[in-house]
Amino acid sequence: MSMRGTLAGLLLCLAATAHADPLSQVVERYLAWRGGTAFEQLQSVHERGSLTASDLNGSQELWLREGGAALRLEVDLGVVRQTQVVSSGHSWELTPAGQVQTLALSDADSLRRAALLQFADALRGRGGATAQLLPGESREGRTFDVVRVSFGDADTYDAFIDPLTGELAGFRIREDRRGRFEAFSDWRLVEGVRMPFLQTTRAEVAGDDQVFAVHTLEVNASVPEALVARPLPVRRTSFAAGASGTGWIPFEFQDGSHIFFDARVNGRRTRVLLDSGATVSAIDSAYARTLGLDPQGRFSAAGTGGITTAGFAAGLTVRVGNLTVHNLKALSLDLAPVATRMAHPLPFVLGDEVFNELAVDIDFTRQRLAFRDARALAPPQGATEVPLRRIFGNRSVPVAIEGAPAVEFEFDLGNGSLPQVYPALYGPRALLQGRRTSQLLGGAVGGFEPWTVATLRTLTFAGVQFHDVPAQFAPDTLSGANSNRVVGNLGNSILARFHLIIDYSHDRLYALPEPGARSAPFSRDRLGIATTRKGATLLVDFVSPASPAQAAGFRVGDAVTRINGRSVAAWSPPALRELRLRPAGTALDFTLKDGTTRHLKLTDFF
């Protein structure tokens with residue numbers, strides 16, 4: 001090559017460098033700091049170390065292939081062990097109960113994105129990522145360049161990079177409306193690549209903080225295919241004497257909202273709630289102690305009322321007729337507030353562990369259910385097959401609101417309330433605009449708070465369109481009822497209008513409308529107060545705006561002693577709950593502890 005050609009090439013290179021955009025400069029500085037060519041050629045990472053999480057100490061092992069082509073994350077915290085695997089062909093997990101199931105789409109996406117961040121592909125706009133340079137920020141006394149990565153949805157991943165050295169301090173991550181900061185330190189060179197040997201996660205949700213200290217780390221080692229191959233299932237359920245099902249089991253449809261039936265938990269007769277919205281079965285912490293169980297850890301548990309903390313109780317056996325659920329691990333948490341609001345004991349919640357392996361047949365009209373071997377499943381004639389998808393935690397089903405395309409709602413037999421619409425749906429679609437609204441006290445695990453209520457003109461599920469459907473609209477707070485992945489929750493106010501056969505193992509359910517399901521009016525609160533029973537009085541906890549109760553002058557803290565002349569003690573809990581559902585125009589008289597009487601007429605107020 002001539003000298004002139006060499007000089008021209010050099011000048012062109014210098015010009016390109018001089019005009020490189022600021023984002024590219026920050027990313028190139030980071031790549032150089034990580035190891036330059038050695039980092040660019042990085043193919044895989046294998047690390048093992050100690051993990052501290054949820055007040056427990058244990059271990060973590062990660063295998064990661066470049067681009068997320070293969071990833072295996074294994075966590076062992078003693079009472080809780082979990083494995084998650086993502087590869088180019090499939091994804092699966094080994095749950096805390098020891099069951100093998102397909103990994104939720106949101107979890108698989110999160111792991112793939114973590115791999116794209118680990119190898120810096122995302123910072124370079126690969127793998128469907130887009131990167132942009134944000135204004136610099138200060139954190140813990142240092143100033144950083146901030147590169148935001150997004151993947152076309154509402155989640156964001158912000159890399160904090162030292163503007164002088166290119167050192168990565170960590171990632172500020174917001175996934176599905178929850179935030180955390182993953183900080184990296186103790187960087188060491190491994191075959192020319194800088195790798196963090198200490199990873200600290202600080203989360204806005206109590207119980208989600210973690211510290212991972214790497215003990216051994218190797219790069220560019222081959223990832224054995226056996227590590228990502230899906231294992232054979234480990235069954236936790238069995239029927240006695242070779243049976244293929246339980247036969248029909250009567251259940252109590254408490255308050256027309258929740259399914260309770262008798263079972264034996266570690267040999268003790270227990271009233272059990274069936275809940276497809278519980279990805280892990282749950283036991284009341286006080287009840288766990290009476291069984292001699294010693295729950296461990298402090299994990300975050302997202303409920304419809306917010307975020308609470310829970311431990312794990314191991315060594316549970318649940319028997320329902322001739323069905324046994326073996327060696328169960330359950331979340332242990334305080335279920336007393338939910339039981340009080342339900343006015344029903346709530347010692348144990350049976351969740352996904354039974355749904356994962358068996359078909360669950362629910363006949364709401366006759367108030368009976370059966371657990372059956374899914375391999376011998378016979379759907380009812382005329383039933384509609386509905387896909388069950390595992391997008392985020394719970395299974396979800398397609399639901400259409402007012403003629404719009406169907407969206408994913410959580411399939412939740414534990415929701416005894418109205419259909420719930422999440423902010424990610426009602427916000428962008430302005431569903432509340434122009435509607436008559438009020439508020440009711442909503443929530444469950446995690447607490448109770450005011451939820452907006454309004455009436456949907458139509459809601460369509462399993463081919464049936466329902467009209468004038470009262471619905472709850474979740475507040476935009478941190479809870480299990482606020483997600484970008486699924487945008488609502490479908491409970492028993494709709495599901496109980498069908499005969500259901502639920503088959504998680506084949507990602508489907510069959511729904512056969514009960515007679516009159518389409519035309520039967522929906523139960524609706526026409527009173528507008530929430531109360532708690534205290535002995536012979538009812539204490540008012542909440543008064544709905546624009547409700548008959550507010551118009552009659554009710555206030556939070558009022559103590560009711562008589563209703564329609566009868567003492568509160570003479571009213572059964574179901575009869576008290578039924579009062580608010582009586583027809584419009586019904587007259588009620590409430591006598592307060594101070595002798596004041598308040599007269600009102602029930603009416604539709606939302």
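Which of the following residues is more than 19 Å from Pro470 (Cα to Cα) and touching a Phe, Trp or Tyr at 6+ places or on another chain (Cβ under 7 Å): Ala511, Ala546? None of the other options fit; the residue is Ala511. When we screen Gly463, Gly488 for residues that are surrounded by fewer than 23 Cβ atoms within 10 Å (Cβ to Cβ), over 24 Å from Phe348 (Cα atoms) and either outside the structural domain of Val354 (by TED's automatic domain parsing) or in contact with a Ser or Thr (Cβ under 9 Å, 6 or more places away or on another chain) (or both), the only hit is Gly463. Given the structure, is Thr83 farther than 26 Å from Ser185 by Cβ, modelled with pLDDT of 95 or more, outside the structural domain of Ser281 (by TED's automatic domain parsing) and not in a helix (DSSP H, G or I)? Spelling it out, Thr83 is indeed farther than 26 Å from Ser185 by Cβ, modelled with pLDDT of 95 or more, outside the structural domain of Ser281 (by TED's automatic domain parsing) and not in a helix (DSSP H, G or I).
The number of residues in region 503-519 being of a type in the set (Asp, Glu) and farther than 23 Å from Val100 by Cα comes to 1.
Among the residues of region 158-175, write down those that are surrounded by fewer than 18 Cβ atoms within 10 Å (Cβ to Cβ) and within 35 Å of the chain's Cα centre (by Cα). Across region 158-175, the qualifying residue is only Arg174. The residues on offer are Thr477, Thr455, and the sole one that is among the hydroxyl-bearing types (Ser, Thr, Tyr) and at pLDDT 95 or above is Thr455.
If I filter region 565-573 for residues that are closer than 30 Å to Phe498 by Cβ and either buried (at least 16 other Cβ atoms within 10 Å of the Cβ) or small (Gly, Ala, Ser) (or both), do I get at least one hit? Among the residues of region 565-573, at least one is closer than 30 Å to Phe498 by Cβ and either buried (at least 16 other Cβ atoms within 10 Å of the Cβ) or small (Gly, Ala, Ser) (or both), which makes the answer yes. Taking the criterion of being modelled with pLDDT of 95 or more and assigned to a loop (DSSP other than H, G, I, E, B), the residues of region 1-40 that qualify are Gly35, Gly36. Taking Gly179 as the residue in question, decide whether it is farther than 24 Å from Pro22 by Cβ and either at pLDDT 95 or above or part of a strand (DSSP E or B) (or both). Yes. When region 149-162 is filtered for residues that are outside any strand (DSSP E or B) and out of contact with any Lys or Arg (no Cβ under 8 Å at 6 or more places or on another chain), the ones remaining, listed by number, are Gly152, Asp153. Within region 24-64, being aliphatic (A, V, I, L, M) and either surrounded by 18 or more Cβ atoms within 10 Å (Cβ to Cβ) or free of Cβ contacts under 8 Å to residues at least 12 places away in the same chain (or both) holds for Val26, Val27, Leu42, Val45, Leu51, Ala53, Leu56, Leu62, Leu64.
With respect to the stated conditions, Leu418 fails to be more than 27 Å from Ala336 (Cβ to Cβ) and in a loop (DSSP other than H, G, I, E, B). Selection over region 330-346 of residues that are over 15 Å from Ser257 (Cβ atoms) and crowded, with 20+ Cβ neighbours inside 10 Å gives a count of 5. When Gln101 is tested against the conditions (1) more than 28 Å from Arg177 (Cβ to Cβ); (2) not in a helix (DSSP H, G or I), the lone failure is (1). Within region 198-224, restricting attention to residues that are without any contact (Cβ under 8 Å) to a residue 24 or more places away in the chain and of a type outside the set (Val, Ile, Thr), the residue that is nearest to His46 (Cα to Cα) is Pro224. Scanning region 577-599 for residues that are surrounded by 13 or more Cβ atoms within 10 Å (Cβ to Cβ) and among the polar types (S, T, N, Q) yields Thr586, Thr591.
Restricting to region 320-340, name every residue that is of a type in the set (Gly, Ala, Ser) and within 21 Å of Gly78 (Cβ to Cβ). Selection gives Ala330, Ser332.
When you look at Leu273, is it touching a His at 6+ places or on another chain (Cβ under 8 Å), in contact (Cβ under 8 Å) with a residue 24 or more places away in the chain, not small (Gly, Ala, Ser) and not assigned by TED's automatic domain parsing to the domain that holds Leu441, yes or no? In short, yes. Scanning region 436-447 for residues that are within 23 Å of the chain's Cα centre (by Cα), buried (at least 20 other Cβ atoms within 10 Å of the Cβ) and assigned to a strand (DSSP E or B) turns up Leu440, Gly442, Gly443, Ala444.
If you go through region 163-176 and keep only what is assigned to a strand (DSSP E or B) and closer than 30 Å to Leu425 by Cβ, you end up with Phe171, Arg172, Ile173, Arg174, Glu175.
When region 124-142 is filtered for residues that are of a type outside the set (A, V, I, L, M, F, W, C), in contact (Cβ under 8 Å) with a residue 40 or more places away in the chain and part of a strand (DSSP E or B), only Gln132 remains.
The values are calculated or read from the model by the stated rules, or taken from the named source; none is laboratory data. All values derive from a computational prediction rather than experimental measurement. Heads up, the Cβs are rebuilt from the backbone with ideal geometry, glycines too, and the neighbour counts pull from every protein chain shown.
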